[in-house]
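Asker: What follows is a single structure, and I will ask about it in a moment.
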Amino acid sequence: MTVVANLCLGVIGLLPFFLLSVYVSNLGRTGGAPLGWTLVVVPLTVGFGALWFLVNRGLRRLNAPAHARGHWSLAALLTSAPTLSLPVGALVSGAF
């Protein structure tokens with residue numbers, strides 16, 4: 001259950017990750033944080049982080065005590081897998 005839930009969260013998390021990366025890359029160019037971007041990116045990123053935490057806290061309680069110890073690291077790895085697969089797929093396809 002942890003694997004499926006965190007892979008789905010990883011797919012959902014592509015949007016906040018993309019918007020956050022655009023936001024951070026534009027900070028140096030604009031001389032500060034544009035208010036419109038801040039009002040969109042910050043609540044979206046915080047909301048996704050809260051959703052991720054609440055889902056994984058519930059899933060951790062369902063795990064056996066022996067498996068609960070590595071739950072958070074496994075959850076972070078599985079959630080980041082869709083995002084990390086994008087550059088790998090681009091390298092394999094020759095897009096880079």
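Asker: Could you list, ordered by first residue, the pairs with Cβ atoms under 7 Å in which the first is in the stretch 75-96 and on the phi < 0 side of the Ramachandran plot and free of Cβ contacts under 8 Å to residues at least 60 places away in the same chain and the second is among the aliphatic types (A, V, I, L, M) and surrounded by fewer than 14 Cβ atoms within 10 Å (Cβ to Cβ), at least 6 apart or interchain?
Answerer: Within 7 Å, the pairs are 96/90.
Asker: Right, here's the next one. Identify, please: which residue in the stretch 8-24 is open to solvent by 40 Å² or more (accessible area, probe 1.4 Å) and not aliphatic (A, V, I, L, M) and is, among those, nearest to residue 82 (Cα to Cα)? Talk me through it step by step, then tell me what you get.
Answerer: Residues of the stretch 8-24 open to solvent by 40 Å² or more (accessible area, probe 1.4 Å): 8, 11-12, 14-15, 17-18, 20-21, 24.
Now restrict to residues that are not aliphatic (A, V, I, L, M): 8, 17-18, 21.
On the way: 8: 9, 17: 11, 18: 12, 21: 15 Å.
Top of the filtered list is 8.
Asker: Separate question: If a residue must be in contact with a Lys or Arg (Cβ under 6 Å, 6 or more places away or on another chain) and within 14 Å of residue 4 (Cα to Cα), how many such residues does the stretch 57-73 contain?
Answerer: So the first thing to find is which residues in the stretch 57-73 are in contact with a Lys or Arg (Cβ under 6 Å, 6 or more places away or on another chain), and the list is 68, 71.
Cutting the leftovers down to within 14 Å of residue 4 (Cα to Cα) gives us 71.
Final tally of qualifying residues: 1.
Asker: A further question follows. Going residue by residue through the stretch 25-45, is there one that turns out to be modelled with pLDDT of 90 or more and open to solvent by less than 50 Å² (accessible area, probe 1.4 Å)? Walk me through it before giving the result.
Answerer: Taking the stretch 25-45 and keeping what is modelled with pLDDT of 90 or more, we get 39-45.
Checking the rest, the ones that are also open to solvent by less than 50 Å² (accessible area, probe 1.4 Å) come to 41, 45.
Scanning the stretch 25-45 turns up at least one residue that is modelled with pLDDT of 90 or more and open to solvent by less than 50 Å² (accessible area, probe 1.4 Å).
Asker: A further question follows. In the stretch 74-96, which residues are out of contact with any Ser or Thr (no Cβ under 8 Å at 6 or more places or on another chain), within 20 Å of residue 3 (Cα to Cα) and open to solvent by less than 80 Å² (accessible area, probe 1.4 Å)? It would help to see each step written out before you state the result.
Answerer: Quick first cut of the stretch 74-96, residues out of contact with any Ser or Thr (no Cβ under 8 Å at 6 or more places or on another chain) only: 76-77, 79-96.
If we keep only those that are within 20 Å of residue 3 (Cα to Cα) too, we end up with 76-77, 79-86.
Within the stretch 74-96, 76, 79, 80, 81, 82, 83, 85 qualify.
Asker: Here's a check for you: in the stretch 53-96, which residue that is closer than 20 Å to residue 10 by Cα and charged (D, E, K, R) is farthest from the chain's Cα centre (by Cα)?
Answerer: The qualifying residue farthest from the chain's Cα centre (by Cα) is 60.
The values are calculated or read from the model by the stated rules, or taken from the named source; none is laboratory data. As the structure is a computational prediction, the values presented were derived from the model and not from experiment. Cβ sites come from the backbone with ideal geometry, for glycine too, and all protein chains shown count toward neighbours. For the accessible areas, the whole protein counts, side chains as well, though only heavy atoms, and no ligand, DNA or RNA atoms are used. Shrake-Rupley method; radii C 1.70, N 1.55, O 1.52, S 1.80 Å.
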